[in-house]
Amino acid sequence: MKKPSPMRAPRSALAVLCLALGAAAVPATAATTATKAAASADAKAFQPRPAKRYTIEQFMATTSVSGASFSADEKRILFSSNESGIFNVYSVSVDDGKSVALTASKTDSHFAVGYFRHDDRVLYTRDQGGNEQNHLYVRELDGTERDLTPGDKLKAQFLDWHDDGQSFYVSTNERDARYFDLYRYDAKTYARTMVYRNESGLAVADVSGDGRWVALERTQTTADTDVLLYDTQTQQTKHVTPHQGVAAYSAATFDPASTQLLMRSNDGTEFTRLIAYDLTSGQTREVEKADWDIAYSVFSRDGRYRVTGINADATLTLRIVRTADGQPAVLPRLPGGEVRGVSFSRTSARMAFYLNGDRSPSNLYVYDFGTRQVRQLTRTLSPEIDPEELVEGRIVRFKSFDGLSIPSVYYQPKEASPTNKVPAVVFVHGGPGGQTMRGYSALMQYLANHGYAVLGINNRGSSGYGKTFFTADDGKHGREPLWDCIEAKTYLASTGVIDPERIGIMGGSYGGYMTLAAMAFRPEAFKVGIDIFGVSNWLRTLESIPPYWESFRQALYQEIGDPVKERDRLIASSPLFHAKEIRKPLLVIQGKNDPRVIKPESDEIVDAVKKNGVPVEYLVFDDEGHGFSKKKNQMEANRKMLAFLDQYLKPELKK
């Protein structure tokens with residue numbers, strides 16, 4: 001269950017799914033001859049050979065890095081890294097690539113927000129043991145720390161800086177746990193003033209650079225959203241996206257002159273496009289579109305460049321244009337991979353970005369527009385791993401039971417062949433409404449390296465494939481999306497290099513729920529299941545969601561089911577109430593401090609399955625929430641997952 005995103009906050013905020021069990025018969029398998037032929041052709045394109053095996057310790061020696069903020073003098077970049085085993089804040093020199101740790105936590109992860117606009121103070125955020133009660137901190141020039149959002153049981157979020165750099169904006173839910181108010185902080189004294197008092201459950205999305213306008217978002221349903229504008233001068237709120245039918249609107253960014261609000265919308269189209277709303281006239285115009293969803297669009301600080309990210313078939317592609325003439329920016333030649341996380345220095349003389357590939361984790365680079373020189377600032381892949389021994393993912397599609405084409409990201413072990421058939425797992429992403437993307441995945445590479453084919457399925461209801469595909473699971477949760485997963489098994493078997501009797505299913509959050517649903521509602525389909533932070537009882541989960549999700553609670557109920565009005569529907573959807581049907585080995589992984597899928601969700605499904613006499617293993621991490629923030633825990637979980645799969649999908653290892 002992912003954190004809220006601007007475009008689809010309700011769906012991506014919580015792994016919510018309703019499954020009507022037993023009422024409808026599951027259609028027969030529909031792997032067509034064409035699908036089988038395509039799968040066979042894919043398999044033949046990759047010549048089998050033995051792979052060099054790497055241990056989990058070698059994989060976890062790889063470093064994860066994120067974020068990029070230039071210092072005021074444009075000579076250093078602030079970023080986050082888990083080099084120490086947990087995320088801390090680092091500063092790296094643009095000239096020589098030397099990095100310095102600015103925090104040294106051994107318990108809770110610290111994530112960089114950015115440098116102050118005019119000096120070397122630093123903003124960062126952290127929670128406590130994964131409870132998602134994030135506070136905003138400042139590291140003073142002398143290295144001391146100050147909590148800018150003190151208090152218990154509150155969540156704070158940094159929004160943006162005012163144009164003059166003398167103040168910045170933060171939202172917190174300290175006044176009312178359900179709603180986020182917006183505050184303006186003085187950058188010198190840290191004195192704050194409330195800018196917007198949230199009484200109606202709108203989500204604060206952005207603030208214009210001049211501080212006058214606040215972009216707000218309202219959720220009707222998971223696919224129907226609106227944007228409103230709050231004028232801090234008149235204290236009036238205006239709805240700026242009236243529309244007919246179902247359409248998603250979300251705020252992208254204000255322009256540097258604070259004259260326009262750029263928004264993403266799929267109103268009247270299949271894919272989200274970029275439109276501009278004139279703050280004076282109220283007129284709108286189309287700015288940019290693609291044959292895929294526009295994921296985001298942002299300006300450089302001085303407005304010289306605009307960067308647009310396009311979700312093109314599970315690959316993020318970027319367009320960087322000069323705003324003066326709309327022409328593409330001149331960029332350096334780079335090795336293969338995706339450019340992500342672009343950030344500009346104050347004068348746009350330099351650009352920081354990440355490069356990520358299937359066989360290479362994200363690395364931070366900096367490009368100098370004047371000299372046209374590019375420098376790699378991090379080297380994150382473990383030096384003991386040869387990227388040639390890892391697996392390049394590829395996009396595959398198969399026809400599901402009703403003919404709908406299901407896109408997926410497929411990783412095939414190097415040794416797989418018709419004479420050496422390998423086991424496989426169907427990997428279900430989080431959400432619902434999430435998406436499996438191309439790019440480096442330590443877990444998928446670890447499994448592929450140890451002989452498992454991995455199919456990252458984008459079942460119906462996933463993001464990135466248009467409005468029709470995204471809404472294709474509405475009111476059908478646990479039937480059609482689950483049946484897509486069953487057809488994924490059929491596709492894997494049709495490749496000719498996978499043993500159809502050795503296919504499992506796994507996933508995290510919503511994917512964990514789908515794993516449990518497969519185990520309970522289609523117990524014959526998969527050999528094993530691995531549930532990572534997954535929902536087992538929708539009644540409890542919907543009743544215990546964090547209070548700060550209030551703004552989309554009703555949309556959540558409409559999508560999944562109302563725990564009061566639709567109790568029977570949610571009972572039918574919940575694997576816990578059908579645990580007696582689970583007959584295959586199950587591994588469950590849970591964070592003790594998870595605020596989204598609380599620990600009783602896993603406790604009770606484990607206890608229930610044990611009563612069946614079914615092998616079930618349970619791994620709980622006392623210092624994690626909804627996901628992994630510590631390398632040692634991720635290492636333990638990944639090692640356990642591989643051992644579990646080996647035990648049941650590679651019986652030859654027992655001999």
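For segment 351-373, a tally of residues being in contact with a Lys or Arg (Cβ under 9 Å, 6 or more places away or on another chain) and surrounded by 15 or more Cβ atoms within 10 Å (Cβ to Cβ) returns 13. Give the residue that is most open to solvent (accessible area, probe 1.4 Å), with candidates limited to residues of segment 374-397 that are in a strand (DSSP E or B), farther than 20 Å from Ala416 by Cα and in contact (Cβ under 8 Å) with a residue 60 or more places away in the chain. Restricting to residues being in a strand (DSSP E or B), farther than 20 Å from Ala416 by Cα and in contact (Cβ under 8 Å) with a residue 60 or more places away in the chain, the top hit is Arg375. Do you know which residues across segment 593-613 are buried (at least 16 other Cβ atoms within 10 Å of the Cβ) and at pLDDT 95 or above? Within segment 593-613, Ser602, Ile605, Val606, Ala608, Val609 meet the criteria. Filtering Phe526, Phe521, Phe552 for residues that are over 25 Å from Ser629 (Cα atoms) and out of contact with any strand residue (DSSP E or B) (no Cβ under 9 Å at 6 or more places or on another chain) leaves a single hit, Phe521. Filtered by the rule that a residue be β-branched (Val, Ile, Thr) and in contact (Cβ under 8 Å) with a residue 12 or more places away in the chain, segment 182-211 gives Val195, Val204, Val207. Considering only segment 531-544, state which residues are within 25 Å of Glu174 (Cα to Cα), open to solvent by 10 Å² or more (accessible area, probe 1.4 Å) and either polar (S, T, N, Q) or in a loop (DSSP other than H, G, I, E, B) (or both). Hit for segment 531-544 is Ser544, nothing else. Looking across Ser348, Ser297, Ser343, one residue alone is modelled with pLDDT of 95 or more and either in contact with a helix residue (DSSP H, G or I) (Cβ under 8 Å, 6 or more places away or on another chain) or part of a loop (DSSP other than H, G, I, E, B) (or both). It is Ser348. Taking the criterion of being open to solvent by 60 Å² or more (accessible area, probe 1.4 Å) and under 20 Å from Gly209 (Cβ atoms), the residues of segment 260-283 that qualify are Thr280, Ser281. Only one of the numbered conditions (1) farther than 21 Å from Ser171 by Cα; (2) touching a residue at least 60 places away in the same chain (Cβ under 8 Å) is not met by Ser258, and that is (1).
Taking the residues in segment 522-537 that are within 14 Å of Val609 (Cβ to Cβ) and of a type outside the set (Val, Ile, Thr) as candidates, determine which candidate is farthest from the chain's Cα centre (by Cα). The qualifying residue farthest from the chain's Cα centre (by Cα) is Pro523.
Under the condition of being over 27 Å from Lys52 (Cα atoms), over 22 Å from the mean Cα position of the chain (by Cα) and among the hydroxyl-bearing types (Ser, Thr, Tyr), the residues counted in segment 440-490 number 1. Within segment 496-508, the set of residues being open to solvent by less than 10 Å² (accessible area, probe 1.4 Å) and out of contact with any Lys or Arg (no Cβ under 7 Å at 6 or more places or on another chain) comprises Ile505, Met506, Gly507.
Scanning segment 487-512 for residues that are farther than 22 Å from Ile605 by Cα and in a helix (DSSP H, G or I) gives Glu487, Ala488, Lys489, Thr490, Tyr491, Leu492, Ala493, Ser494.
Per-residue answers, yes or no, for (1) touching a His at 6+ places or on another chain (Cβ under 8 Å); (2) over 30 Å from Val65 (Cα atoms); (3) assigned to a helix (DSSP H, G or I):
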residue: Tyr548; (1), (2), (3): no, no, yes
residue: Phe552; (1), (2), (3): no, yes, yes
residue: Pro595; (1), (2), (3): yes, no, no
residue: Val609; (1), (2), (3): no, yes, yes
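Strands (runs of 3 or more DSSP E) fully within segment 80-142 that include at least 2 residues being more than 25 Å from Glu57 (Cα to Cα): 88-93, 111-115, 122-126, 135-139. The residue of segment 519-530 that is most open to solvent (accessible area, probe 1.4 Å), among those that are closer than 15 Å to Ser574 by Cα and touching a Pro at 6+ places or on another chain (Cβ under 9 Å), is Phe521. When residues in segment 226-252 are screened for being more than 20 Å from the chain's Cα centre (by Cα) and surrounded by 24 or more Cβ atoms within 10 Å (Cβ to Cβ), 1 of them pass.
Restricting attention to segment 297-344 and to residues that are touching a residue at least 40 places away in the same chain (Cβ under 8 Å), among the hydroxyl-bearing types (Ser, Thr, Tyr) and closer than 28 Å to Glu270 by Cα, the residue that is most open to solvent (accessible area, probe 1.4 Å) turns out to be Thr315. Selection of segment 571-583 for residues being of a type outside the set (Val, Ile, Thr) and either part of a loop (DSSP other than H, G, I, E, B) or modelled with pLDDT of 90 or more (or both) yields Ala572, Ser574, Pro575, Leu576, Phe577, His578, Ala579, Lys580, Glu581, Arg583. Residues that are in a strand (DSSP E or B) and surrounded by fewer than 17 Cβ atoms within 10 Å (Cβ to Cβ) were ranked within segment 175-195; the one that is nearest to the chain's Cα centre (by Cα) is Asp176. Just one of the listed residues (Gly393, Gly403) is modelled with pLDDT of 95 or more and closer than 22 Å to Ile498 by Cα, namely Gly393. Across segment 550-592, the qualifying residues are those that are among the acidic types (Asp, Glu) and within 25 Å of the chain's Cα centre (by Cα), and the one among them that is most open to solvent (accessible area, probe 1.4 Å) is Glu550.
The values are calculated or read from the model by the stated rules, or taken from the named source; none is laboratory data. As the structure is a prediction and not an experimental result, all values here were calculated from the model. Cβ atoms come from the backbone with ideal geometry, glycine included; neighbour counts cover every protein chain shown. The area values use the complete protein model at the heavy-atom level, side chains included, leaving out ligands, DNA and RNA. Shrake-Rupley method; radii C 1.70, N 1.55, O 1.52, S 1.80 Å.
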